[in-house]
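Below is one structure, written out as structure tokens, with a few remarks after it.
The values are calculated or read from the model by the stated rules, or taken from the named source; none is laboratory data. Note that the structure is a prediction, hence the values are computed from the model and not measured. Neighbour counts run over all protein chains shown; Cβ positions are idealised from the backbone, glycine included.
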Amino acid sequence: MNNNFSVLMSVYIKEKPEYLDRALKSILIEQTLIPKEIILVEDGPITVQLKEIIEKYKMEFPNIIKSIKLENNKGLGDALNIGLKKTSYDIVARMDTDDIALPKRFEKQYKVISENNYDVVSSNVYEFENNENNIIGVKKVPENSSEILRYSKYRNPINHPAVMFRKKAVIDSGSYEKMPDFEDYYLWVKMINRGYKFYNIQEPLLKFRIGEEMIKRRGGLEYFKNEKALFKKFVEIGFLNYFQYFLALSMRFPFRIVPDNLRMFFYKKWLREKNN
């Protein structure tokens, strides 16, 4: 199996060096299929410690890691768009700098996307808290295009940190646009609307880091305001009708306004499957 694909990552000043180190190790040392290149966007100035981690892997893998340094922090969506244009291959895998790819992630995804007529391939993910062996649940997503279409009316149907996609399909759909907190969800819906084909591998291929900070970010009126703007956009592009719009918001609003500790409880209890 060839490895003609890129990995697209973005790092910014607030991220932890040890998380970045673990993420890069999972891509470059532990994978059964190593990518031809990693496009790593430095989204604004970063810490000395983060730079040291990047240089360490650049020295070990000089022909794989390519850094793009942005003068100012532009945010995830813009950083990914800039990085995407610099990728050398049509097949691109996303990876966040605080997650951990399981060893056969790229091998399995590349086989599925290259041997089938899919434009976007993601998977289920394990969710862990603090220690990577402390798996607290599995975030499952629907498998085929018809299930993904139904699911996407109310929830994001793709685990973004575990996605692999065709660059041309993403760019033709307008790529990542300004949609605070929801750039990826908006992108998938635009692609679904254009008839692109999706598939989710029904096993976890990545460990996704969760915790109090993530739960805090997903609450509050500002977050709900961004959510409302997203679903309003779905109506404007003809993806949702007004009944679906109000139903989606009524389902989400209570979860956004409860205290953080209660939101964490709901998140673990009802929104995720337990890992057995």
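So if I check each of Lys108, Lys74, Lys56, Lys66, which one is in a loop (DSSP other than H, G, I, E, B) and basic (Lys, Arg)? Working first, answer last.
Details: Lys108 fails: in a loop (DSSP other than H, G, I, E, B); Lys56 fails: in a loop (DSSP other than H, G, I, E, B); Lys66 fails: in a loop (DSSP other than H, G, I, E, B).
Result: Lys74 is the single residue among Lys108, Lys74, Lys56, Lys66 that is in a loop (DSSP other than H, G, I, E, B) and basic (Lys, Arg).
Just checking, which of Ile65, Ile91, Ile53, Ile100 is touching a Pro at 6+ places or on another chain (Cβ under 7 Å) and touching a residue at least 12 places away in the same chain (Cβ under 8 Å)?
Working: Ile65 fails: touching a Pro at 6+ places or on another chain (Cβ under 7 Å); Ile91 fails: touching a Pro at 6+ places or on another chain (Cβ under 7 Å); Ile100 fails: touching a Pro at 6+ places or on another chain (Cβ under 7 Å).
Only one candidate qualifies: Ile53.
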When the residues of segment 112-132 are filtered to those that are farther than 13 Å from Ala101 by Cα and assigned to a loop (DSSP other than H, G, I, E, B), which remaining residue is modelled with the lowest pLDDT? Asn130
For segment 1-27, pairs from a residue that is surrounded by fewer than 20 Cβ atoms within 10 Å (Cβ to Cβ) to a residue that is among the small types (Gly, Ala, Ser), with Cβ under 9 Å and 6 or more apart or across chains, are Met1/Ser114; Asn2/Ser114; Asn4/Ser88; Asn4/Ser114; Ile13/Gly44
Please verify whether Glu71 is crowded, with 16+ Cβ neighbours inside 10 Å, more than 15 Å from Lys25 (Cα to Cα) and without any contact (Cβ under 8 Å) to a residue 60 or more places away in the chain, treating the condition exactly as stated. no
Test Ile136 against the stated conditions and say whether it is of a type in the set (A, V, I, L, M, F, W, C) and in a loop (DSSP other than H, G, I, E, B). no
Of everything in segment 22-36 that's out of contact with any helix residue (DSSP H, G or I) (no Cβ under 9 Å at 6 or more places or on another chain) and not in a loop (DSSP other than H, G, I, E, B), which residue is farthest from Ala101 (Cα to Cα)? Arg22
Test set (1) in a loop (DSSP other than H, G, I, E, B); (2) over 25 Å from Asn159 (Cα atoms); (3) touching an Asp or Glu at 6+ places or on another chain (Cβ under 7 Å) - Pro103 fails condition number: (2)
